[in-house]
Amino acid sequence: MPAAQIAGLDPYMSLIVGYRKSGLSLNHIIGCPLDCGYCVRHFWGNFEVKVPQLLCSTDEAVEKLTGHAAFQPHITPIQLFNKATDPFLPGVKPHLFQVLRALDARGYTNHVLVITRFTVTEADMDELEKLRHLKVTLLFTYSGITDPRVEPVAKSSITQTSVRTAAAHKRRTGVVLYWRPIVPGWNDAPETMAHVLDVGRDVDAIVFTGYYHKSENAGYLRGLGVDVPYGEDFHRRKTMPADLDAAVVAAWRESGITTPLFRKTSCGVAYAHGVPDYNGHWGVRELCDICPSLQRQRCADDHTTPTPAAIDQVLTHLGYETPYVIEDGHVWTHGLGEQRRYAIQHTLRHQIWELDQPHYLHAHGRSLNGHHPDPEQAEQFAALREQFATTARYEEDD
């Protein structure tokens, strides 16, 4: 991409390495022709860019990733091309494998998450299986949505074929069915849910989640005549109402498949590799009721409440400053921002929460649309904010 065009991009789109909840994310290629109606690229004005374009060379991108201040060998989970393209598009795939080979050659054992809905062949799986150190997981986005206005790729069987191919040829590569987005009226019919679950019969894990209901993608879809639920109740977090969650879990239990179901990406990824969840979701126990007992035990054995000394050490190592309060299952911070907060979370494998973006019971990481917050919990949050404010005033006076 020409430098002048790069300079005109939304800052988020031009950010080559950035931190997200599931890992440090490398995105030096942007542009995608798949036209998924709910794509997050609507948020940053990049949806009309259909041809993948490099923002820098792949060698330079690898150096930016491994040289990032938050990157830690063997610890930091990594995501590749998960923001603005599909990593298995023909023009992108050579760069995907170049990055993977470069990281593996350095002996890194980090988790690497690769999200796709496109063509994965037996030859691709052979390449992935040649890697000896990285813990690579393929996450196949498949929703069962059949409306081509929402998912044009749904007209083909590309994703289903890729899932079957990957499941048949995986040995050390994790394979996860990413059941998303689940949206009322789009793909919540019992027969649709049964179909998606059947597609995931032979993968390592199924992870399900909701829909980013924001004005940009809602406006685009409504312009195509698509019935979009949730009205004008837009949120920064994905929408997954409690009744829809319950319907998904019930469908899974009734399906008879043995593939485990998870509510969180990192939980499914960790299970695929036989390790505890690197996001410390064991501290949010209501998420874990559907997890296999073996995985619950792994996470319980790994779960340790960090001491103030341990938190201070991580903050010093990463160069961050924040007040914090340690509670059961999580640590509250304030003013760090998401990128730095997740770096701490992955280092400690423990939930790190932001005071201004609290998680409510049974709605962890989800919008409150379709949930009923506990008034007592809201009172606890208010008291916590006052505690932070009092501490800040005391420090200023001191």
(message) Shape verdict for the stretch 126-255, please, from the Cα gyration tensor: rounded (a/c under 1.5), prolate (a/b greater than b/c) or oblate.
(response) prolate
(request) List the aspartates and glutamates whose Cα lies under 15 Å from the Cα of K130, skipping any in the same chain that are fewer than 8 positions away. (result) D104, E122
(request) Calculate, in nm to one decimal, what T316 and Y360 gain on full extension: separation in residues at 0.36 nm each, minus their alpha carbon distance. (result) 12.9 nm
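Would you work out the relative contact order for the stretch 308-397, in percent, from Cα pairs under 8 angstrom that are 6 or more residues apart?
Contact order relative to length: 18 percent.
Take every DSSP beta bridge whose two residues both sit in the chain, then give the antiparallel share in percent to the nearest 5.
30
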(request) Could you rank the peptides 335-344, 373-382 by their average count of other C-beta atoms within 10 Å per residue, with the highest value first? (result) 335-344, 373-382
(message) Compute the distance from the alpha-carbon center of the stretch 254-277 to that of the stretch 97-134, in whole Å.
(response) 20
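Over the stretch 1-125, what relative contact order in percent results from Cα pairs under 8 Å that are six or more residues apart?
27
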(request) Please give, to one decimal in nm, the separation of the simple spin-label points placed at D289 and T305, each 7 Å out from Cα toward the Cβ. (result) 2.4
(request) Can you bin the chain into rounded, prolate or oblate? Criterion: square roots of the alpha carbon gyration tensor eigenvalues sorted a ≥ b ≥ c, rounded for a/c under 1.5, prolate for a/b above b/c, oblate for the rest. (result) rounded
(message) Give me E151, E127 sorted ascending by neighbouring Cβ count inside 10 Å, so fewest comes first.
(response) E127, E151
(message) What distance in nm lies between label points placed 7 Å from Cα along the C-beta direction at K50 and V275?
(response) 4.0
(request) Would you mind working out the magnitude of the charge dipole of the chain relative to its Cα centre, with +1 at each Lys and Arg C-beta and -1 at each Asp and Glu C-beta, to the nearest 20 Debye? (result) 1300
(message) Could you tell me the relative contact order of the chain? Use alpha-carbon pairs under 8 Å, at least six residues apart, and round to a whole percent.
(response) 13
(request) Would you list which lysines come within 25 Å of K21, measuring only between C-alpha atoms, while excluding same-chain residues fewer than 8 positions from it? (result) K64, K83, K93, K135, K214, K238, K264
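Of all DSSP beta bridges located in the stretch 308-397, what percent are antiparallel, nearest 5?
Around 50 percent of the beta bridges assigned by DSSP in the stretch 308-397 are antiparallel ones.
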(message) Given the -39500 (n - 2.57) contribution per DSSP H run of 4+ residues, what per-residue ellipticity at 222 nm results for the chain, rounded to the nearest 500 deg cm²/dmol?
(response) -11000 deg cm²/dmol
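Bear in mind that the values in this text are calculations on the coordinates, not laboratory data. Everything quoted here is computed from the prediction, not taken from an experiment. For neighbour counting, all protein chains shown are included, and Cβ atoms are generated from backbone atoms with ideal geometry for every residue, glycine included.
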